[in-house]
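Visitor: This structure is in structure tokens; I'll ask about it shortly.
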Amino acid sequence: MDFLKRFSRDKVGLFFGIVLVLIYLIALTAHWITPYDPLQTDLRKVFQPPSWEHWLGTDQFGRDMLSRVILATQITARVTGLAILFAVITGVPIGMFVGFVGGWLDGLVMRITDMLLIFPIIMLAIVLVVIIGPTENGVIFALGISQMPQFIRVARGVTLSVKEELYIEAAVAVGASREYILRRHVWPNISAPIIVQASLTLPVFVLNASALSYLGLGVQPPTPEWGQMLNESVAFIFNAPYLMIGPTIALFLFTLAANLVGDALQETINPKLKKRK
Amino acid sequence: MQAEEVLLDVADLRKLFPIRKGLLQRVVAEVKAVDGIDLRIHTGETLGLVGESGCGKTTTGRTILRLLTPTEGKVTLRLPSEDGTTAAHEIDLAQAGPRELKTLRQKMQIIFQDPYSSLDPRMTVSQIVGEPLKVQGIAHGQERADRVADLLQSVGLEPTSMTRYPHEFSGGQRQRIGIARALALNPKLIVADEPVSALDVSVQAQVLNLLQDLQARLGLTYLFISHDMAVIRHICDRVAVMYLGKIVELAETDELFGNPRHPYTEALMSAVPVADPGHVSRRILLEGDVPSPVSPPSGCHFHPRCRFATDICKSEVPTLRTLNGNHAVRCHHAEKLTLQGVESE
């Protein structure tokens, strides 16, 4: 509760926190709040400019853009959320373990993560999607793997400092096993930085998921995705420029809100960062 | 307290920390933190281990408890059989395997110096105190909760504090929580590693008295590590003085304080302030710093700082000799020196 109080003192963070909550509400309720069926084509209604009937207009197949943007919100939220979950579930235990055990295993894993970190996320993700195939699961896996090294590093770093704490030695002194110590002492004490890292990863994933689908490597049509919608709208940029408005604003808002909430979270957990700005 | 039964027998315990350098991490030198310690702790007594910082007293305590693996030596824990009919059970702690060690941890516990970082900030008091019972699989559910409440009561804390977190308590209260945790498994031996050094003087006395009460009530044996001569004198039956990883003197408390036989002990004692304005202090100032335990001086480790040092001290390592009765000292000239003790209280 103390945490929420401190977080809400940051007005920017609070505002975009609410925006982010709204975005997720839209994502959750997408199937009920879309005004039209986002997949229903209607060739009598192609390229309609924004109107009261179709707020964001209709595309080349006569599909309602607003409905498509709303459904795409759900897909983006799901893909990025699962990708973060994947990166956390795979990266954090590895980082905790090698940080706690140390030795040659630690050195080996760190060198491998260093190698993975050399590649820009998008490049790694493209290679992985090409290997796995451009499906929703492929994108989740590719994004997750590409950011897993970050989670390994963060988890290892905080584990290194937590393992020097006296309460770890106290647990050893009563006969606790390594597995028990990692689960009951290390994990609760490193969870805050992990949550911050996850929130900072969210905007990166939102952008990269869209970038992949812009390149045709993401979710396949007819399922709507912001990047893929933007890609399609480029062809009609002169006769139907309004097609870009919806996906652009949605992408912009989601990324901005996720970024600022991530920063605010980090400052709440580590207030020293704030003064430096 | 003159129980003659030996609970813990430490023989030639050594703990070296290698210093590694370079790409291949070659061992270039070793820190001799504990350099051949022999100790016997009797059931029910409090043995003090005193020395200045860096002399290896904490490492000794941790190595005995196998929180650190000894480089060499034997640590024998002698556990009397439950019904008293069969012979005592002896276990070498230094050799115990993981499973055996886990069971043995029920018999020996540690109280840490720092009551702030020794309690997990994410756990409630009942989780902290109940953890030993949980890890060892001794008590569950309501039984565990009852035991935790009992333990808290026995260290003078309200059972209502069970649901609170460590940061809600003062240093003295936190140390009580640490003590309750150490008692949870009904240990025989408790290594108290500077248990009061981090506390206010007024709180120190309370915690020391609590430790003495608990000892009388539960028949505990303490290895009491401290740098504070006044505290040591107050609580210990026998005292071992450590210098640079070795014990230089070991005697009963009154004997050691009244009649020190090692120049280092004398210097340590002259540093204890006396609460008497008319007292003319005759402080013996030691020159120089504690030598590095990486390359200790030749012969007697203390000779560069000793005002009685002669040629033999530079060349020959003195052994720990027993003088009259139970007074052991590691000095070539112990018989010839007249050293200043402290008047009895």
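The values are calculated or read from the model by the stated rules, or taken from the named source; none is laboratory data. Owing to the predicted nature of the structure, the values given are computational and were not obtained by experimental measurement. For neighbour counting, all protein chains shown are included, and Cβ atoms are generated from backbone atoms with ideal geometry for every residue, glycine included. Quick note on the areas: whole protein, heavy atoms, side chains included, nothing else; ligands and nucleic acids left out. Shrake-Rupley method; radii C 1.70, N 1.55, O 1.52, S 1.80 Å.
Visitor: Given the rule -39500 (n - 2.57) for each run of at least 4 DSSP H residues, summed and divided by the residues of chain B, what is its mean residue ellipticity at 222 nm, to the nearest 500 deg cm²/dmol?
Guide: Only helices count here, giving -8000 deg cm²/dmol.
Visitor: Taking H placed 1.01 Å from N in the peptide plane, check which residues at least 5 places from B:Ile110 or on another chain put their amide H under 5 Å from its amide H.
Guide: For B:Ile110, whose amide H was placed from the backbone, the distant partners under 5 Å are B:Val191.
Visitor: Once phi is turned into ³J(HN,Hα) by the Karplus curve 6.51 cos²θ - 1.76 cosθ + 1.60 with θ = phi - 60°, what whole-Hz value does each residue of region B:252-269 show in order, with x for glycine and proline?
Guide: 5, 3, 4, 4, 5, 6, x, 9, x, 10, 10, x, 5, 4, 4, 5, 4, 6
Visitor: Convert 37 °C to kelvin, take the viscosity as 0.692 mPa s, use the Kirkwood radius over C-alpha pairs of region A:20-150 as Rh, and evaluate the Stokes-Einstein diffusion coefficient in µm²/s, rounded to a whole number.
Guide: 188 µm²/s
Visitor: How large is the dipole of the protein assembly as shown about the Cα centre if only Lys and Arg carry +1 and Asp and Glu carry -1, each at its Cβ, rounded to the nearest 20 debye?
Guide: 1360 debye
Visitor: What whole-number value in cubic angstrom gives the convex hull volume per residue for the C-alpha atoms of the protein assembly as shown?
Guide: Expressed per residue, the convex hull around the Cα atoms of the protein assembly as shown is 215 Å³.
Visitor: Using only alpha carbon positions, build the gyration tensor of region A:64-276, then give the equivalent ellipsoid semi-axes as the square roots of 5 times its eigenvalues, largest first, whole angstrom.
Guide: In descending order the semi-axes read 39, 19, 13 Å.
Visitor: Here's something else I'd like to know. With springs only between Cα atoms under 10 Å apart, run a GNM on chain A and tell me which of A:Ala257, A:Ala192, A:Ala176 wobbles the most.
Guide: Among A:Ala257, A:Ala192, A:Ala176, the largest GNM mean-square fluctuation belongs to A:Ala176.
Visitor: Here's a follow-up. Considering only DSSP beta bridges where both residues belong to the protein assembly as shown, give the percentage that are antiparallel (nearest 5).
Guide: Of all bridge pairs located within the protein assembly as shown, approximately 65 percent are antiparallel.
Visitor: Go through region A:90-100 residue by residue and turn each phi into a ³J(HN,Hα) via Karplus (6.51, -1.76, 1.60, θ = phi - 60°); whole Hz please, and just put x for glycine and proline.
Guide: Using θ = phi - 60°, the values come out as 8, x, 4, x, 4, x, 4, 5, 5, x, 6 Hz.
Visitor: Let me ask something else about it. Rounded to the nearest 10 degrees, what's the angle between the helix B:201-218 long axis and the longest principal axis of chain B, both from Cα atoms, 0 to 90?
Guide: Long axis of B:201-218 versus the principal axis of chain B: about 70 degrees.
Visitor: Could you state how much accessible area is buried at the B-A interface, both sides summed, with a 1.4 Å probe, in Å² to the nearest 100?
Guide: Summing both sides, the interface buries roughly 1800 Å².
Visitor: Based on DSSP H runs of at least 4 residues, each adding -39500 (n - 2.57), what is the mean residue ellipticity at 222 nm of chain A after dividing by all its residues, to the nearest 500 deg cm²/dmol?
Guide: -24500 deg cm²/dmol
Visitor: Just the number, please: carbon plus sulfur as a percent of the accessible area of region A:64-276, 1.4 Å probe, no ligands or DNA/RNA counted.
Guide: For region A:64-276, the apolar C and S fraction of the accessible surface comes to 71 percent.
Visitor: With unit charges on the beta carbon (Lys/Arg positive, Asp/Glu negative), name the residue among A:Pro193, B:Ile179, B:Ala139 whose Cα is farthest towards the positive pole of the charge dipole of the protein assembly as shown.
Guide: Towards the positive end, the residue furthest out is A:Pro193.
Visitor: Report, to the nearest 10°, how far helix B:141-154 tilts away from the longest principal axis of the Cα atoms in chain B, using its own Cα long axis and a range of 0 to 90°.
Guide: In chain B, helix B:141-154 runs at an angle near 40 degrees to the longest axis.
Visitor: Under a GNM of chain B (C-alpha, springs under 10 Å), which listed residue has the highest mean-square fluctuation: B:Gly258, B:Gly288, B:Gly178?
Guide: Looking only at B:Gly258, B:Gly288, B:Gly178, the largest GNM fluctuation is found for B:Gly288.
Visitor: 5 Å is the cut-off here: which amide hydrogens, built 1.01 Å from N in the peptide plane, fall below it relative to B:Val248, excluding neighbours closer than 5 in sequence?
Guide: Those qualifying (amide H under 5 Å, at least 5 residues apart or on another chain) are B:Val241, B:Met242, B:Tyr243.
Visitor: Considering the Cα trace of chain B, what is its radius of gyration and what is Dmax, both in angstroms?
Guide: 21.2, 68
Visitor: Starting at the first residue of region B:220-227, write each ³J(HN,Hα) from the Karplus equation 6.51 cos²θ - 1.76 cosθ + 1.60 with θ = phi - 60°, in whole Hz, x for Gly and Pro.
Guide: Once rounded to whole Hz, the list reads 7, 10, 10, 9, 9, 9, 7, 10.
Visitor: Quick one: compute the contact order of chain B, relative version, from alpha carbon pairs under 8 angstrom and 6+ residues apart, as a percent.
Guide: Relative CO of chain B lands at 19 percent.
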